[in-house]
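Presented below is the structure to which this report refers.
The values are calculated or read from the model by the stated rules, or taken from the named source; none is laboratory data. Bear in mind that the values here come from a model prediction, so they are computed numbers and not experimental data. Here the Cβ is made from the backbone with ideal geometry for all residues, glycine too, and neighbour counts use every protein chain on show.
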Amino acid sequence: MNRRICFSLSIFLILSFQIFAQSIQKYADIGDFKLENGQVIKDCKIGYRTFGKLNEAKSNAMLFPTWFGGNSQGLVWLIGPGKIADSTKYFVIAIDALGDGISSSPSNSILQPKEKFPEFNIRDMVNSQYEFVTKFLKLNHLFCVIGGSMGGMQTFQWIVSYPDFMDKAVAWVGSPKLTSYDLLLWNTELQAINMAQQCGAPSEMIMKTIADITDLNIETPEYHVSHTKPEEFYSQLKKYQENFSKNFNLYDWKSQLKAMIAHNVSAPYGNDMNKAAARVKTKVLSIVSLQDHMVDPQPAIDFAKLIHAQTIELNNDCGHLGPGCEIEKVNKTINEFLEK
């Protein structure tokens with residue numbers, strides 16, 4: 001092996017190790033954490049992963065909260081050169097939301113397991129993240145908060161709760177407040193879980209039913225019809241149910257479900273969205289999917305007008321997963337917005 005090959009291999013191994021080291025799951029202990037309802041998460045832990053390098057001015061930090069049921073590992077594919085969160089430019093902090101099975105959750109709490117775990121909301125998620133960023137990472141400002149779906153809900157909450165704390169914010173398929181249709185969907189899931197638990201159904205069986213409800217709404221009817229042949233339906237449904245029940249914990253799912261049902265950035269201001277919008281000082285990019293059957297896009301569109309945010313409207317049959325079906329356009333739009 002000649003010197004050039006050895007040198008190239010060494011560089012490759014070093015870079016690979018650095019990338020792997022950055023993607024390692026880390027934890028921060030923020031102590032007993034008081035929730036908005038007065039309850040306390042005992043020995044609260046926040047999971048996170050970091051990518052890229054914090055500059056000397058500490059002005060390039062980007063916070064990336066997780067979506068519903070997801071964890072920071074699931075965000076890794078969106079982090080990197082030219083992607084939604086460009087780690088060559090920004091110090092990206094992928095942070096696990098409360099209840100995701102990594103940060104303090106019903107499934108991993110020793111002192112408050114399962115039903116004993118306190119009920120929290122989206123504001124509590126954001127407040128715990130603020131504690132982590134300011135007290136653990138010692139950052140007094142963020143360049144950007146960015147997130148999709150429930151991560152988008154957290155992003156909207158961030159810009160209202162901590163209006164001076166970041167320069168920019170990007171939310172895709174998120175919402176500042178749920179519509180009646182959103183509430184119908186999430187309460188249907190919650191009721192299905194509660195009734196099945198009362199009947200003593202196994203968690204795995206319950207989650208298979210939740211998988212069906214989720215699959216029904218996450219994409220449009222047109223997408224299902226064009227991508228799944230009737231003769232392939234049962235085999236694909238079985239595979240989806242099995243993967244879903246293995247990857248999502250019933251108690252964690254239920255806890256984040258309740259958090260979303262209670263989500264409303266204007267709640268502390270008499271449910272006046274104008275008052276909530278008046279607090280926002282951040283430059284915001286809101287990306288919505290017009291065919292979204294899981295998180296109705298209208299509240300995000302309306303709120304964007306109130307805060308004079310840039311809005312991108314996607315119109316494809318991928319529904320809630322619309323941004324993923326136009327990922328190149330989304331990447332380009334976000335990077336242009338952040339570089340302005």
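Overview of results
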| read-out | value |
| --- | --- |
| Test: residue in region 225-235 that is buried (at least 16 other Cβ atoms within 10 Å of the Cβ) and either among the small types (G, A, S) or in a helix (DSSP H, G or I) (or both) | no |
| Any hit, region 171-181, residues being surrounded by 24 or more Cβ atoms within 10 Å (Cβ to Cβ), under 17 Å from N121 (Cα atoms), touching a strand residue (DSSP E or B) at 6+ places or on another chain (Cβ under 7 Å) and of a type in the set (G, A, S) | yes |
| Residue that is at positive phi, surrounded by fewer than 18 Cβ atoms within 10 Å (Cβ to Cβ) and touching a helix residue (DSSP H, G or I) at 6+ places or on another chain (Cβ under 9 Å), where the choices are G52, G82, G69, G101 | G82 |
| Matching option when the condition is surrounded by fewer than 20 Cβ atoms within 10 Å (Cβ to Cβ) and of a type outside the set (K, R), among D124, D167 | D167 |
| Checklist (1) in contact (Cβ under 8 Å) with a residue 12 or more places away in the chain; (2) over 23 Å from L183 (Cβ atoms) applied to H320, failing item | (2) |
| From K258, K239, K208, residue being in a helix (DSSP H, G or I) and surrounded by fewer than 14 Cβ atoms within 10 Å (Cβ to Cβ) | K239 |
| Flag for W186 being under 22 Å from M207 (Cβ atoms) and at pLDDT 95 or above | yes |
| Answer residue from region 310-327, given it is of a type outside the set (S, T, Y) and out of contact with any Asp or Glu (no Cβ under 9 Å at 6 or more places or on another chain) and is surrounded by the most Cβ atoms within 10 Å (Cβ to Cβ) among those | P323 |
| Residue that is surrounded by the fewest Cβ atoms within 10 Å (Cβ to Cβ), among those in region 144-164 that are more than 14 Å from L285 (Cβ to Cβ) and polar (S, T, N, Q) | S161 |
| Test: residue in region 165-178 that is among the acidic types (D, E) and outside any helix (DSSP H, G or I) | yes |
| Pairs where the first residue, in region 229-250, is more than 14 Å from D215 (Cα to Cα) and the second is among the hydroxyl-bearing types (S, T, Y), C-beta under 9 Å, 6+ apart | N249/S105; N249/S107; N249/S203; L250/S107; L250/S203 |
| Selection count, region 300-317, where residues are touching a residue at least 24 places away in the same chain (Cβ under 8 Å) and farther than 18 Å from Q154 by Cβ | 10 |
| Yes/no for E219 being over 20 Å from the mean Cα position of the chain (by Cα), among the acidic types (D, E) and at negative phi | no |
| Odd one out for M195, checked against (1) surrounded by fewer than 16 Cβ atoms within 10 Å (Cβ to Cβ); (2) within 29 Å of C325 (Cα to Cα); (3) free of Cβ contacts under 8 Å to residues at least 40 places away in the same chain | (2) |
| Checklist (1) under 19 Å from the mean Cα position of the chain (by Cα); (2) loosely packed, with under 15 Cβ neighbours inside 10 Å applied to K305, failing item | (1) |
| Set P202, P221: member being over 26 Å from L250 (Cβ atoms) and surrounded by fewer than 16 Cβ atoms within 10 Å (Cβ to Cβ) | P221 |
| Failed item, numbered, when K340 is tested on (1) out of contact with any helix residue (DSSP H, G or I) (no Cβ under 7 Å at 6 or more places or on another chain); (2) modelled with pLDDT of 95 or more | (2) |
